[in-house]
1. What single numbered condition from (1) touching a residue at least 40 places away in the same chain (Cβ under 8 Å); (2) not assigned by TED's automatic domain parsing to the domain that holds F250 fails to hold for L191?
2. Just to be sure I understand, how many residues within segment 119-176 are of a type in the set (F, W, Y) and within 20 Å of the chain's Cα centre (by Cα)?
3. Go through (1) surrounded by fewer than 16 Cβ atoms within 10 Å (Cβ to Cβ); (2) touching a helix residue (DSSP H, G or I) at 6+ places or on another chain (Cβ under 6 Å); (3) polar (S, T, N, Q) one by one and return the number of the condition N171 breaks.
4. So which residues in segment 215-232 are over 16 Å from S247 (Cα atoms), of a type outside the set (D, E) and in contact with a helix residue (DSSP H, G or I) (Cβ under 7 Å, 6 or more places away or on another chain)?
5. List the strands (runs of 3 or more DSSP E) inside segment 104-193, counting only whole elements, that have at least 1 residues being among the hydrophobic types (A, V, I, L, M, F, W, C), modelled with pLDDT under 90 and within 23 Å of R94 (Cα to Cα).
6. Within segment 163-185, does at least one residue satisfy the condition of being farther than 28 Å from R329 by Cα and out of contact with any strand residue (DSSP E or B) (no Cβ under 8 Å at 6 or more places or on another chain)?
7. So L77 ticks every box in (1) part of a helix (DSSP H, G or I); (2) aliphatic (A, V, I, L, M); (3) modelled with pLDDT under 90 but one. Which box is left unticked?
8. Out of the residues in segment 29-73 that are of a type in the set (G, A, S) and at negative phi, which is surrounded by the fewest Cβ atoms within 10 Å (Cβ to Cβ)?
Amino acid sequence: MKLVIELGKVSSGGGERILDTLVRSFHDYGHEVVLFSWNPEWETFKGFPFPIEIHILKKIPYWGKGIASAIEYNRVLKQVKPHAILAFLAPSLRVSLLCAKLQGVPIITSLRVAPEFKSVIEKLEKRMLMACEGIVFQTKDVQECFSKKTIQKSVVIPNMLMDNNLPAPSNCIKKEIVGIGRLSEQKNFKLLIDAFSEINTGEYVLKIYGEGPLRDCLDNQIKHLKLENRVFLMGRVNRVVDYIKDSDIFVLSSDWEGMPNALMESMAMGLACVATDVSTGGSRALIDNGNNGILVPVGDKESMKKAMSMLISDEDFRKKIKTEAIRIRQSNSKEIIIPQWLKFIESIVRLP
């Protein structure tokens, strides 16, 4: 097959990493991949170990300025002649969808967050999703937010472990609780710091990896609680997995998420994990509560305190959680997940 994949940022977020992994994996399976992007950084990107055709589109598809973008996109699409388009970028989907319909190319998208669809623009985005030939959902919970007709042309495919060099579970464990993510309202590290401050943590320290607009606010919180020697804002680092591989406990305190890659990778490295039960069902899809991790209600400090205290104080329970968590290396491996993507795409594409 010849597939067009739309890419936004060159790196960073979980969504970008998923798309990058799909590009590499589809190529490894013998399919031709062509990249479309409005980000000029892709022109000089040297990260792929194989030559790849990249089209940098100049006309950015802002709302109200989509005509020029659609003309350019349609011209390039006609030149490439793909069997299908994978378009996951919400701002550009209306342009991709229009051009795909004009040229009879099936378009597949993916919804990676819990839908609300309250505003006019969000309702238009929902209609665009429903007009695609295929939709990939991360969880059953999000899929069930849609009509039966939409569900019939969709599939649930969980995230995969994307790092081929993910560190193996460590035998040299440090008394560290870690959090990972942008220092923003979404990740709710304020809750994590508050919960940590109110439990008997013994020698444990809390390290938070990431950068963002709430750094000063969190720093002030740490000082106010007199936790300067126990809670550390570590900033952004390259390959955070290499920094947390020897840590003992991982906590996801987010108010909302899709399917958290940081949680999945922490489980695979054998950390004992606590995660908020976000509305997408992303944490619930990974954690069997009390078996391979602990789920706590979103925003519930008391439940988070109880979960962390249990893991700290009960070594046998903590070891059992870790042993079961490591099994995610098999269930969410690329060898399991990529064939699900290809099977779904092939069910939609009509090859000559």
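1. Only one criterion is unmet by L191, namely (2).
2. 1
3. So N171 meets the others, but not (2).
4. If the condition is that a residue be over 16 Å from S247 (Cα atoms), of a type outside the set (D, E) and in contact with a helix residue (DSSP H, G or I) (Cβ under 7 Å, 6 or more places away or on another chain), then L218, Q221, I222, L225, L227 are the ones that fit.
5. Correct list: 107-111.
6. There is at least one residue in segment 163-185 that is farther than 28 Å from R329 by Cα and out of contact with any strand residue (DSSP E or B) (no Cβ under 8 Å at 6 or more places or on another chain).
7. With respect to (1) part of a helix (DSSP H, G or I); (2) aliphatic (A, V, I, L, M); (3) modelled with pLDDT under 90, L77 is out only on (3).
8. G47
The values are calculated or read from the model by the stated rules, or taken from the named source; none is laboratory data. Because the structure is a prediction, the values reported are computed rather than measured. Cβ sites come from the backbone with ideal geometry, for glycine too, and all protein chains shown count toward neighbours.
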